[in-house]
Amino acid sequence: MFFEPSTRTRLSFETSMKRLGGNCIGLGDTAACSVAKGESIADTAKMIEGYSDAIVIRHPLEGVSKFLTDIVDVPVINAGDGAGQHPTQTLLDLYTIKKHFGRIDGLNIALIGDLKYGRTVHSLSYGLGYYDVKMTFVSPDELRMPEETLHDLEENNIKYKETNNLKDVIDEVDVLYVTRIQKERFPDVEEYEQIKDAYLINRELIEGKELIVMHPLPRVNEIDYDVDNTKYNKYFEQANNAVPVRMAILKNIIKHRCK
Ligand code: NCD
């Protein structure tokens, strides 16, 4: 049930399900579904429950996937709820880091860009909190990590630093996790225009350093194309890793239902 644009998440979930020998149905263009006639998301999910063994949902409303778990009996996977969370992205991000370094503990990781509205970094900061890492949040003041997320991290004794200057961390990080400024979430488009090019990672900035560049994609103007053909580029492999990771997620979630 994809109510927001998606390329990687939707197609990798579909690929994963098919590679496991299963099948997928989808709402397709939601303007052509009964939600456009005013059907509630709860009723739509109730129908889809009868046609499927699991629901993957992406929706602009925060908390909608959690809400649906009270409505349907099939497992519900959050594929992005507004500016909330994107937990399966975190699993493939952690997988990518672990595959590259052979470990996650001991690494120095900077999350950069739109930390306010970016759901991938909200989930990733929680995910990294399970490891012994150094986390730095790099963003313009207006796009800092939400207080609620910082509070959760502090409650769990997870240490982090904040800065708006990429130069503060560039020499010491192992992972630069870059994110898109989430234009669609800004209440005021002028604010977006002022902030949209806050950080640009290019070859010159990272040349000679021992780090990898990750990005959940799509990129707009955060990573120069001149990084693509360098050893620093991990973002395409990261996107490809979505398939084995989502196969594992689906298999684990569905196996109990398909004896
Ligand atoms: C992200 C998302 O949808 O939150 N993309 C993804 O799922 N790989 C990042 C973004 O849209 O900026």
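The values are calculated or read from the model by the stated rules, or taken from the named source; none is laboratory data. If you're wondering where the values come from, they're calculated on a predicted model, not measured in any experiment. Glycine gets a Cβ as well: all are built from the backbone with ideal geometry, and neighbour counts include every protein chain shown. Only protein heavy atoms, including side chains, enter the accessible area calculation; ligands, DNA and RNA are left aside. Shrake-Rupley method; radii C 1.70, N 1.55, O 1.52, S 1.80 Å.
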Helix-only mean residue ellipticity at 222 nm for the chain, each DSSP H run of n ≥ 4 adding -39500 (n - 2.57), per residue, nearest 500: -10500 deg cm²/dmol
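Net charge near ARG19: determine it from the other residues with C-beta under 12 Å of the C-beta of ARG19, scoring Lys and Arg +1 and Asp and Glu -1. Walk me through the numbers on the way to the answer.
Numbers: positive: LYS18, ARG246, LYS251; negative: GLU14.
It works out to a net charge of +2.
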Which of GLN89, GLN238, GLN194 moves most in a GNM of the chain, Cα contacts under 10 Å? GLN194
Please report Rg (one decimal) and Dmax (integer) in Å for the Cα set of region 14-95. 13.2, 41
What does the accessible area per residue of region 201-259 come to in Å², with a 1.4 Å probe and no ligands, DNA or RNA counted? 53 Å²
Karplus-derived 3J(HN,Hα) from phi for region 15-31 (6.51 cos²θ - 1.76 cosθ + 1.60, θ = phi - 60°), whole Hz, x at Gly and Pro, runs 4, 4, 4, 5, 5, 7, x, x, 9, 10, 10, x, 6, x, 5, 5, 5
For helix 41-51, report the angle its Cα long axis makes with the longest principal axis of the Cα atoms of the chain; keep it between 0 and 90° and round to the nearest 10°. 70 degrees
Could you give me the ³J(HN,Hα) list for region 210-215, computed from phi with Karplus coefficients 6.51, -1.76, 1.60 and θ = phi - 60°, whole Hz, x at Gly and Pro? 9, 8, 10, 10, 10, 6
Lys and Arg at +1, Asp and Glu at -1: add these up for the other residues within a Cβ distance under 11 Å of VAL76 and post the number. -3
Its Cα gyration tensor gives region 1-145 an equivalent ellipsoid whose semi-axes in whole Å, largest first, are 31, 19, 13
What do you get for Rg/Rh of region 137-235 when both radii come from the Cα atoms and Rh is the Kirkwood radius? 0.98
Cα extents of the chain along the three principal axes, largest first, in whole Å? 54, 42, 39
Kirkwood Rh, angstrom, region 85-203 [1 / mean 1/r, Cα pairs]: 14.6 Å
Region 1-135, relative contact order [Cα under 8 Å, separation at least 6], %: 18 percent
With the Cα gyration tensor of region 177-228 in hand, convert its eigenvalues to equivalent ellipsoid semi-axes via √(5λ) and list them largest first in whole Å. 24, 11, 8
Using only alpha carbons, build the gyration tensor for region 155-199 and give me the equivalent ellipsoid semi-axes, biggest first, whole Å. 25, 16, 10
Placed amide H near ILE201: partners under 5 Å, 5+ positions off or other chain: ILE223, ASP224
Give the carbon-plus-sulfur fraction of the accessible surface of the chain in %, rounded to a whole number; probe 1.4 Å, heavy atoms of protein chains only. 48 percent
Note, ³J(HN,Hα) from phi for region 84-91, Karplus 6.51, -1.76, 1.60, rounded to Hz, x at Gly and Pro: x, 10, 8, x, 6, 5, 4, 4
Compute the accessible area per residue over region 63-107, keeping the other protein chains in place, probe 1.4 Å, unit Å². 41 Å²
Give me the net charge for the shell around THR136: Cβ to Cβ below 14 angstrom, other residues only, Lys and Arg +1, Asp and Glu -1. 0
